[in-house]
Number of protein chains: 2
Amino acid sequence: MDPSTKTLRDAGLRATAGRRTVLTTIASRGAPLTHAEIASELTGLDPVTLYRILDSLERAGLVHRVHGLDGVWRYCPQPERRGCPGNHVHFLCTTCGAMSCLVDQPLPRVTPPPGGRIDARQFVVGGTCARCSGAGVGDAG
Amino acid sequence: MDPSTKTLRDAGLRATAGRRTVLTTIASRGAPLTHAEIASELTGLDPVTLYRILDSLERAGLVHRVHGLDGVWRYCPQPERRGCPGNHVHFLCTTCGAMSCLVDQPLPRVTPPPGGRIDARQFVVGGTCARCSGAGVGDAG
DNA sequence: GCGCAGATGCAGGTGACTTGCATCTAAAGA
DNA sequence: TCTTTAGATGCAAGTCACCTGCATCTGCGC
C-alpha cells in the first residue's frame, strides 16, 4: 500500500488520488504552502476540490494551517510526534512570501482573559529571509 | 484645538473630518475593530476612504493592525508609551468575532532563521470570550 | 461486481481589499 | 482673508481568496 494511502486511511479518510497527491506535495516541501502554490504544482485538480482536500487533511490532523500576515492560509505537514498542531513560531518572508516553521521555538503559554478559554494559538513573525537579505542589500544581520 | 486634531497634526497628518472621526472611534473602544465595524459606526464615510484612513493612521503609528484568524485586519489604538506597535498577545473570540488586547502579556523574543531578519511579530490566540462562554450556560445579561 | 456515502468538478457567489481618476479641502503662504 | 496646491476623498470597477449548491463520480465495504 502506498505510504500516503496508509496515512490517509489511518486518519479515517478515503485515499483518493487527489488527497494522496496533495499530501505528498505538502510533505515533500516541509514548509507551509499556500493553496495557490499547491495548485500550481497539481495541474488538473479543481481549485475548489483542493480547498476541500486541505480542509479534510487539517481536520484529520495530517496538516496544520497558518494564517500569514498577507491574509492567506498556508498548510504545513504535521510532524510525527502529534503534539498541539502547529505549536511553534512561523516565519514569513514579506519579500518573497515564503514561510518556514521555527519548530525549535515553541509557543509560550498564554493566559486567557477572565472567563475566557483559548482553543488555538498562532504566532507569525514577518521579516526577510536569508535568501532575500542576501539578494537585495547583502546585509544578513 | 480638538485633541484628535492635535494627535493627527503631531503625527504629520492632515486633520481631516474623516480621520478625526475614525481616530476617535478607535480610541473610544480600546479594542481592535475591523473595517466593517468602524464603517458601521461612521455612516457617510466611503469604505475605500476608510481603508486609506486606516492605512495612514497605521503608517503614522497612531494605531496598530492585527490580522485575525478569520482573515480580517483589525485596528487598535496605539498606547501612549510608544513601544513596538501591538507588542502583546491578541485574543480573538471565534464565536462573536470580538478581539481584545492582552496588553499584560508581551510577545516573547523570537530568533530569526539563520541569515534572516524579523520586522513584525503577531501572536493571536483564538477561543471563546467570557460573554460567549456565559451565554451558553445561562447568564447572557 | 454492486451499492452508496463521501469526494469531486463546475458554475456562480461573497466579502475583504485595491486601483485609477476626477473632485474636493486642509494648511501654508501672500 | 484670499489663493494655491499637495494631499485627501468619493465613485466605479477590478482582483483575489475562499465558499456554496448541485450533479456526477469513485473508493471501499459488502
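The values are calculated or read from the model by the stated rules, or taken from the named source; none is laboratory data. The shown structure was predicted, so the numbers you read here are calculated from the model rather than taken from an experiment. Backbone-built Cβ (ideal geometry, glycine too); neighbour counts: all protein chains shown.
Can you spot a residue in the range A:10-32 that is among the acidic types (Asp, Glu), more than 15 Å from A:VAL63 (Cα to Cα) and either within 11 Å of DNA strand D (Cβ to nearest atom) or within 14 Å of another protein chain (Cβ to nearest Cβ) (or both)?
No, every residue in the range A:10-32 fails to be among the acidic types (Asp, Glu), more than 15 Å from A:VAL63 (Cα to Cα) and either within 11 Å of DNA strand D (Cβ to nearest atom) or within 14 Å of another protein chain (Cβ to nearest Cβ) (or both).
Give the residues of the range B:117-129 that are under 25 Å from B:GLY71 (Cβ atoms) and either at pLDDT 95 or above or surrounded by 15 or more Cβ atoms within 10 Å (Cβ to Cβ) (or both), sorted by residue number.
Residues satisfying the conditions are B:ILE118, B:ALA120, B:ARG121, B:GLN122, B:PHE123, B:VAL124, B:VAL125, B:GLY126, B:GLY127, B:THR128, B:CYS129.
Being near DNA strand C (Cβ under 9 Å from one of its atoms) and either among the hydroxyl-bearing types (Ser, Thr, Tyr) or in contact with a helix residue (DSSP H, G or I) (Cβ under 8 Å, 6 or more places away or on another chain) (or both) is the filter here; which residues of the range B:6-16 pass it? It would help to see each step written out before you state the result.
Step one: list which residues in the range B:6-16 are near DNA strand C (Cβ under 9 Å from one of its atoms), which gives B:8-9, B:13-16.
Answer for the range B:6-16, where residues must be near DNA strand C (Cβ under 9 Å from one of its atoms) and either among the hydroxyl-bearing types (Ser, Thr, Tyr) or in contact with a helix residue (DSSP H, G or I) (Cβ under 8 Å, 6 or more places away or on another chain) (or both): B:LEU8, B:LEU13, B:ARG14, B:ALA15, B:THR16.
Just for the range A:36-67: of the residues that are within 10 Å of the chain's Cα centre (by Cα) and within 14 Å of chain B (Cβ to nearest Cβ), which one is farthest from DNA strand D (Cβ to nearest atom)?
A:HIS64
Out of the residues in the range A:17-64 that are touching a residue at least 12 places away in the same chain (Cβ under 8 Å), within 12 Å of DNA strand C (Cβ to nearest atom) and in a loop (DSSP other than H, G, I, E, B), which is surrounded by the most Cβ atoms within 10 Å (Cβ to Cβ)?
Of everything passing the filter in the range A:17-64, A:LEU42 is surrounded by the most Cβ atoms within 10 Å (Cβ to Cβ).
Does any residue of the range B:62-71 turn out to be at pLDDT 95 or above and in contact with a helix residue (DSSP H, G or I) (Cβ under 8 Å, 6 or more places away or on another chain)?
Looking through the range B:62-71, none of the residues is at pLDDT 95 or above and in contact with a helix residue (DSSP H, G or I) (Cβ under 8 Å, 6 or more places away or on another chain).
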